[in-house]
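Peer 1: Quick one: this structure, given as structure tokens, is what I'll be asking you about.
The values are calculated or read from the model by the stated rules, or taken from the named source; none is laboratory data. Not measured: the values here are computed from a predicted model. Here the Cβ positions follow ideal geometry from the backbone for every residue, glycine too, while neighbour counts run over all protein chains shown.
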Amino acid sequence: MFSHSRLLTFEQCGLRYKFRYIDKLETEVERSVEAFLGSMVHETLEKLYKDLMFQKLNTEEEILEWYNERWRKMWNDGILIVRNEYGPENYRMMGERFIRDYYRRYHPFDRPRTIGLEIPVKIRLDNEGRYLMRGYIDRLAYAGNGVYEIHDYKTNGSLPVNEYLEKDRQLALYAIAVKQNYSDAKRVKLVWHFLAHDKEIVMEKSDEQLEKLRKETIELIDRINSAKEFRPRESAICDWCEFRSHCPLWSHISRVENLEPNEYLNDPGVKLVNRYAELVVKKKELTDEIEKVREAIVKFSDRTGSSVIAGSDVVVKVWKGERIKLPGKNESERVAVEEILRDAGLLEEFSTIDAYGLSRAISSGMVPEDVVKRLERFVSRERIERLYLRDVQKEE
């Protein structure tokens, strides 16, 4: 049975999927601090609404006290913190702010009516039952008149744009489950609470959109089940991956990051990369110096009128020319150039409007003078210089 997170893992990185769901590798990293923060905030909001269902309305201070006690109890050193400039206390205080903002925005939490928390759902994607998915709805609410609301809490720092939310699969799959399990469901609203921004975003999927998602999800499951290779895919997620030390993309970093300084500097890979970095810096310095000397040679040629300049064992030939610069493909002037060439019967010859080819044709007199004059207002000319280095013996 698949889940949204399982499908998402495969899309993000095939090898991570294999390590987690096929090989079932155990790791020293329990989870990331971001995942831990999300879990603690979810548990706190679940506590808030669960108590309310038993007619107990926690005060803001009571629910924050519960959150902090839960944080202290569940925290352990196996939780991964990628951003070293921030400590556990920074993340704990972030969670406090999320809960405080949510409490003040939605108090007294009775609209719409909550009918379930952390509800386990099964999603049937086909009539035969070969494609089943499972998940948990953070909070399911009923607004009346056959309108259900699926509420999801997000603690990530970024605020996704509508395009991202329209492609979000998780809540849309839950909408399919709600329609399957609640015969009176006429509409299902998807509600995201982005707690870091104190922002609520509501969206609704049509039956046509849900049907399209159902078919796409079946296709993805078939692709996963038939996969023979599970290749790693490098992305920003790698920094938070619990299997980083097992991944071939990061195996060297994982092997050397805990070495003593002397051992680290003597590692063959570290030596090679350090040497490469030195050479890249030198190359940039040489490139900058070469360009300065090249400009000086061109100026010397302009000043003296010499096109061949002697060195000790070599000479430099300076070639100076001019090329036409055409308007860009999306510029209105481009259309005018095409019209002029079409009127002159030359558009077919320069069908791709190649600036180099057109420049050569004009220079060699292939383009009539009247056409050149008409083109002048739409094209610009720029000077170019090229330097050719030759041995003296070859010149002789």
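Peer 1: Quick check on the stretch 111-123. Is at least one of its residues more than 23 Å from Asp51 (Cα to Cα) and basic (Lys, Arg)?
Peer 2: Yes, there is a match, as at least one residue in the stretch 111-123 is more than 23 Å from Asp51 (Cα to Cα) and basic (Lys, Arg).
Peer 1: Next question, about the same structure. Taking Val280, is it modelled with pLDDT of 95 or more, of a type in the set (Val, Ile, Thr) and more than 30 Å from Met1 (Cβ to Cβ)?
Peer 2: yes
Peer 1: Which members of the stretch 108-153 meet the condition of being among the hydroxyl-bearing types (Ser, Thr, Tyr), more than 12 Å from Asn181 (Cβ to Cβ) and touching a strand residue (DSSP E or B) at 6+ places or on another chain (Cβ under 7 Å)?
Peer 2: Hits for the stretch 108-153 are Thr114, Tyr136, Tyr142, Tyr153.
Peer 1: Using the structure shown, decide if Tyr21 is within 18 Å of Asp138 (Cα to Cα) and out of contact with any strand residue (DSSP E or B) (no Cβ under 9 Å at 6 or more places or on another chain).
Peer 2: Taking the combined requirement at face value, the residue does not satisfy it.
Peer 1: If you scan the stretch 210-261, which residues turn out to be surrounded by 12 or more Cβ atoms within 10 Å (Cβ to Cβ) and of a type in the set (A, V, I, L, M)?
Peer 2: Leu210, Leu213, Ile218, Leu220, Ile221, Ile224, Ala227, Ile237, Leu249, Ile253, Val256, Leu259
Peer 1: Still on this structure, I have one more. Just to be sure I understand, how many residues within the stretch 34-57 are outside any helix (DSSP H, G or I) and either touching a helix residue (DSSP H, G or I) at 6+ places or on another chain (Cβ under 6 Å) or aromatic (Phe, Trp, Tyr) (or both)?
Peer 2: Matching residues across the stretch 34-57 total 1.
Peer 1: Continuing with the same structure: Which members of the stretch 148-164 meet the condition of being surrounded by fewer than 16 Cβ atoms within 10 Å (Cβ to Cβ) and either among the aliphatic types (A, V, I, L, M) or more than 22 Å from the chain's Cα centre (by Cα) (or both)?
Peer 2: Initially, the stretch 148-164 is screened for residues surrounded by fewer than 16 Cβ atoms within 10 Å (Cβ to Cβ), giving 156-164.
Leu159, Val161 - these are the residues of the stretch 148-164 that are surrounded by fewer than 16 Cβ atoms within 10 Å (Cβ to Cβ) and either among the aliphatic types (A, V, I, L, M) or more than 22 Å from the chain's Cα centre (by Cα) (or both).
Peer 1: Can you name every residue in the stretch 363-396 that is modelled with pLDDT of 80 or more, of a type in the set (D, E, K, R) and assigned to a helix (DSSP H, G or I)?
Peer 2: Hits for the stretch 363-396 are Glu369, Asp370, Lys373, Arg374.
Peer 1: Quick check: is even one residue across the stretch 191-209 surrounded by 13 or more Cβ atoms within 10 Å (Cβ to Cβ), β-branched (Val, Ile, Thr) and in contact with an Asp or Glu (Cβ under 6 Å, 6 or more places away or on another chain)?
Peer 2: yes
Peer 1: Right, next: In the stretch 273-303, what residues are in contact with a strand residue (DSSP E or B) (Cβ under 8 Å, 6 or more places away or on another chain) and among the β-branched types (Val, Ile, Thr)? Talk me through it step by step, then tell me what you get.
Peer 2: Initial filter on the stretch 273-303 (in contact with a strand residue (DSSP E or B) (Cβ under 8 Å, 6 or more places away or on another chain)): 294, 297-298, 300-301.
Matches in the stretch 273-303: Ile297, Val298.
Peer 1: Still on this structure: Kindly state which strands (runs of 3 or more DSSP E) lie completely within the stretch 82-155 and contain at least 1 residues that are free of Cβ contacts under 8 Å to residues at least 24 places away in the same chain and within 29 Å of Glu216 (Cβ to Cβ).
Peer 2: Once the strands (runs of 3 or more DSSP E) in the stretch 82-155 are filtered for at least 1 residues that are free of Cβ contacts under 8 Å to residues at least 24 places away in the same chain and within 29 Å of Glu216 (Cβ to Cβ), what remains is 113-124, 132-144.
Peer 1: Name the single residue, out of those in the stretch 304-320 being of a type in the set (S, T, N, Q) and surrounded by 11 or more Cβ atoms within 10 Å (Cβ to Cβ), that is nearest to Ile384 (Cα to Cα).
Peer 2: Selected residue: Ser307.
Peer 1: Follow-up question, since we're still on this one. Conditions: (1) within 42 Å of the chain's Cα centre (by Cα); (2) within 30 Å of Tyr388 (Cα to Cα); (3) modelled with pLDDT of 75 or more. Gly357 meets all but one. Number of the miss?
Peer 2: Among (1) within 42 Å of the chain's Cα centre (by Cα); (2) within 30 Å of Tyr388 (Cα to Cα); (3) modelled with pLDDT of 75 or more, Gly357 violates only (3).
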